[in-house]
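One structure is given below, encoded as structure tokens.
The values are calculated or read from the model by the stated rules, or taken from the named source; none is laboratory data. Since this is a predicted model, take the numbers as computed values, not measurements. Cβ placement follows ideal geometry from the backbone for every residue including glycine, while neighbour counts extend to all protein chains displayed. Side chains included, ligands, DNA and RNA excluded: accessible areas come from the protein's heavy atoms. Shrake-Rupley method; radii C 1.70, N 1.55, O 1.52, S 1.80 Å.
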Amino acid sequence: MAGLRMASPLWALQQGYSTMAVGFLLALYSLSSVFLALPAGRYADRHGLRRPVGLGVSVAVAGTLLAVLFPSYPVLCVAALCMGGATGISIISLQRFVGQSVAGAADMRRVFSWLSIGPAVANFLGPLLVGLLIDHAGVWVGGKPADAWGYMAAFALTALAPLLTWLAVRPYRESMAPEAKAQPSGAAWGLLREPLMRRLLVVNWLLSSCWDVHTFVVPVLGHERGLSASVIGTILGGFAIAAAAVRVLLPVLAAHLREWAVVTGAMVVTAIVFALYPFMPGPWSMGLASVVLGLALGTVQPMVMSTLHQITPHHLHGQAIALRLMALNLSSVFMPLLFGSAGAVVGVSVVFWTVGAAVGLGTHAAWWLRPPGSPDSAADSNDS
């Protein structure tokens, strides 16, 4: 999905589509997950890992093959819907399975840190490989750089890559608890009555918006400055590899970390980087800012997922993850449209500054993101 999210807007920009059209295209990656997240969470709670992931892989491959065979804006919109929904159901199933394989806060932080390395590496390899194919595949067959052959090769790579996911999950078997199969369909909505859950969703939404801003604005900013697809892919890849690098360290440090402290620090650093990013004059400085941003945001997901599993019932983990994913994707549907509109009217710099200011204001919510029964929450209770 990371590769397709980079290739499709670059193709649209090359074909002369506006930033508004690019924003709409990126929004579709999240639209299907908005409607499918909760059903996918219930499906994962009832059927485990293999069946939901197999379904997701099938949809991802089928949707992206259409882009290979019939590259056009409407087909890329269909591919975005398919890839977004497929990735959503796979993520829910994987995160649920991993969270239920351990017990204890330190182990939660450790396993989710390991799990989060995979997407971080993919977010590096996807844009980098896609950018190289776009720039050079056409030359390899006697064409021109960044021609139709380059985009066809990039779309083909993103269509075949999900098959590796199916090979990875095939060996696993899972026995399902009876209460997971008997749960009512609306059980997940009751989780929203918990203040800590609402606070977690707000903080996670703010930080996820930063990923969306960076993914959307960097290609647009790079295109405006005349950077090649390979350079843009490398800048996005630097962000991803920094996120992967910090996640390699997290399992080692898990016992010494506190979720609320890590998330609060990440929000402060992100707000500062977003304030400075528009002033970066060239690819090297943009790459440096991307690396710092990757180091900050790379710490967030393991901490959020650890907190989520600590504050929700065991048999509702899939639906709790789905509720989080639905909230994030609902935002991702509208935020790229907003980014596209704002970028066209006031410029992409204002987008950076606005989101950075919102993240800075949200640090207060992250400061109180402490699960009941944790040493930190107990200390706060005694102090009060």
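Taking VAL231 as meeting all but one of (1) within 30 Å of LEU133 (Cα to Cα); (2) within 21 Å of the chain's Cα centre (by Cα); (3) open to solvent by 10 Å² or more (accessible area, probe 1.4 Å), write down the number of the exception.
Answer for VAL231: the failing condition is (2).
So GLN15 passes all but one of these: (1) open to solvent by less than 20 Å² (accessible area, probe 1.4 Å); (2) modelled with pLDDT under 90; (3) polar (S, T, N, Q); (4) within 19 Å of GLY150 (Cα to Cα). Which condition number does it fail?
Checking GLN15 against (1) open to solvent by less than 20 Å² (accessible area, probe 1.4 Å); (2) modelled with pLDDT under 90; (3) polar (S, T, N, Q); (4) within 19 Å of GLY150 (Cα to Cα), the one that fails is (1).
Could you say whether any residue in region 78-95 is over 18 Å from PHE35 (Cβ atoms), open to solvent by 20 Å² or more (accessible area, probe 1.4 Å) and of a type outside the set (Val, Ile, Thr)?
Yes, that holds for at least one residue.
Inside region 37-55, can you point out the residues that are part of a helix (DSSP H, G or I), more than 16 Å from the chain's Cα centre (by Cα) and aliphatic (A, V, I, L, M)?
Once the filter is applied, which keeps residues that are part of a helix (DSSP H, G or I), more than 16 Å from the chain's Cα centre (by Cα) and aliphatic (A, V, I, L, M), region 37-55 yields LEU38, ALA40, ALA44, VAL53, LEU55.
Pick from VAL78, VAL102, VAL59, VAL98: which is without any contact (Cβ under 8 Å) to a residue 40 or more places away in the chain and in a loop (DSSP other than H, G, I, E, B)?
Testing whether each residue is without any contact (Cβ under 8 Å) to a residue 40 or more places away in the chain and in a loop (DSSP other than H, G, I, E, B) leaves just VAL102.
Would you check if MET197 is surrounded by fewer than 23 Cβ atoms within 10 Å (Cβ to Cβ), closer than 26 Å to TYR29 by Cβ and in contact (Cβ under 8 Å) with a residue 60 or more places away in the chain?
yes
Here are some conditions: (1) at pLDDT below 85; (2) of a type outside the set (A, V, I, L, M, F, W, C); (3) under 23 Å from GLY362 (Cβ atoms); (4) surrounded by 21 or more Cβ atoms within 10 Å (Cβ to Cβ). THR299 meets all but one. Which one does it not meet?
(1)
Surrounded by fewer than 17 Cβ atoms within 10 Å (Cβ to Cβ) and under 22 Å from MET280 (Cα atoms) - does that describe any residue in region 215-225?
Checking region 215-225: at least one residue is surrounded by fewer than 17 Cβ atoms within 10 Å (Cβ to Cβ) and under 22 Å from MET280 (Cα atoms).
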